[in-house]
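Trainee: Can you keep this structure in mind? I'll have questions shortly.
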Amino acid sequence: MSSVSHGARRGWRSMPSALAAVANLKAALDQLATAGGPQAGLSSVATPSSTESPLNWVFLGPPGVGKGTYASRVAKAFGVPHIATGDLIRAEIKSGSDFGAQMKSIVNSGKLLPDEMVQQVLHQRLAQGRRDGEKGFILDGFPRTRAQAVELVRSTPLSLVLNMSLREEVLVEKCMGRRLCKHCGKNYNVADIYLPASPDGSRAAIVMPPLSPPPECAPHLETRADDREDVIRHRLEVYKQEATPVEDFFRAQGLLVDFEITAGIPETLPLLMPLLQSYAGAGRRAD
Ligand code: AMP
């Protein structure tokens, strides 16, 4: 399998799979039309049976791309757990264990944990999943270094690494538009994004309407202190430095699939799901 790209800006992987994807897409859209929304349409995807390869997927993407949201929706649809290493680490810290205490000061300083520490937490979780008969996973927040990627591929048969992207100016606007209601804890986004397609067709139009708060939340909205433009651009720069060696490694392994997001979640899921379905049940371990 070679590295492939998806999304409006880039081409489809190959003609047969493009035709299959279009057929799947039509079915997914028909379902959405009749079943009333993206969540309803998601319930019908093929999930791996006990005789198929495990559905072991990794989702990569910069802050603000919506990776966690997509990972949790896709995991639910395919009947596998969404495993976020940040959540595992926070749970370990909360448990009050000695191991958690060792991790706490590093995490609080905003630095990455040593590879061995995060690998230990993840391996425990994956081993538990195997004992419980889980049919795979969607990993989020791991791997973050090349060494983690190498170790993961060595120990676990992966079938897909989805590399989600969104144009940088949109990421910045989206992060700056984030709002949290202090009263009910719900998240909103006031950014109203429309970027026309480039005249030469190399860049697709991007349309992301705001997720506006209801009137009762409007007086209670707050912005995270770190959702400032300079801080966001710095986070994106750090992400790029961290992610590039990881992406390069998975690309060389033939596992990386690029997926550019050009619209909101309701429009994107019907494009993403048929693509993912074509990878379900195709596990392999690196040589
Ligand atoms: P997150 O919720 O993904 O931002 O993770 C919260 C914190 O957990 C990070 O700032 C790191 O300190 C730690 N962490 C999570 N995943 C990893 C990883 N793959 N490698 C190293 N540290 C991690």
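Readers should treat all values here as calculations from the given coordinates under stated rules, not as data from a laboratory. On a predicted model such as this, the values are computed, not experimentally measured, just so you know. A quick note on method: Cβ atoms are made from the backbone with ideal geometry, for glycine too, and the neighbour counts reach across all protein chains shown.
Trainee: Tell me the trypsin sites (Lys or Arg not before Pro) within region 101-168 that lie in a loop according to DSSP and have at most 11 other beta-carbon atoms within 10 Å.
Mentor: 111
Trainee: So if R0 is 35 Å, what FRET efficiency would residue 168 and residue 105 give, r being the distance between their Cβ atoms, rounded to the nearest 0.05?
Mentor: The value I calculate is 0.65.
Trainee: Mind listing the phi-derived Karplus ³J(HN,Hα) values for region 86-100, rounded to whole Hz, using 6.51, -1.76 and 1.60 with θ = phi - 60°, and x for any glycine or proline?
Mentor: With the stated coefficients, region 86-100 comes to x, 5, 4, 5, 4, 5, 5, 5, 5, 5, x, 5, 4, 4, x Hz.
Trainee: Which whole-Hz ³J(HN,Hα) couplings does region 102-117 yield from phi under the Karplus relation 6.51 cos²θ - 1.76 cosθ + 1.60, θ = phi - 60°, glycine and proline marked x?
Mentor: For region 102-117, the Karplus curve yields 4, 7, 4, 5, 5, 4, 5, 7, x, 8, 6, 6, x, 3, 4, 5 Hz.
Trainee: Taking neighbour Cβ counts within 10 Å as the exposure measure, how do 151, 116, 247 sort from fewest upward?
Mentor: 116, 151, 247
Trainee: To continue, here is another question. So for 123, 82, fewest C-beta neighbours within 10 Å to most, what's the order?
Mentor: Listing 123, 82 from fewest to most nearby Cβ atoms yields 123, 82.
Trainee: If you don't mind, there's one more thing I want to ask. Less than 9 Å Cβ to Cβ from residue 213, Lys/Arg counted +1 and Asp/Glu -1: what total charge do the surrounding residues give?
Mentor: Net charge around residue 213: +1.
Trainee: Among the lysines, which fall within straight-line cross-link reach of residue 135, defined as a Cα-Cα distance under 18 Å, with same-chain neighbours fewer than 8 residues apart omitted?
Mentor: Output for residue 135: 76.
Trainee: Still on this structure: Under 15 Å from the Cβ of residue 108, count the other residues' Cβ atoms, weight Lys and Arg +1, Asp and Glu -1, and hand me the total.
Mentor: With Lys, Arg at +1 and Asp, Glu at -1, the net is +2.
Trainee: In addition: Just want the ordering: 181, 175, from fewest to most Cβ atoms lying within 10 Å of their own Cβ.
Mentor: 181, 175
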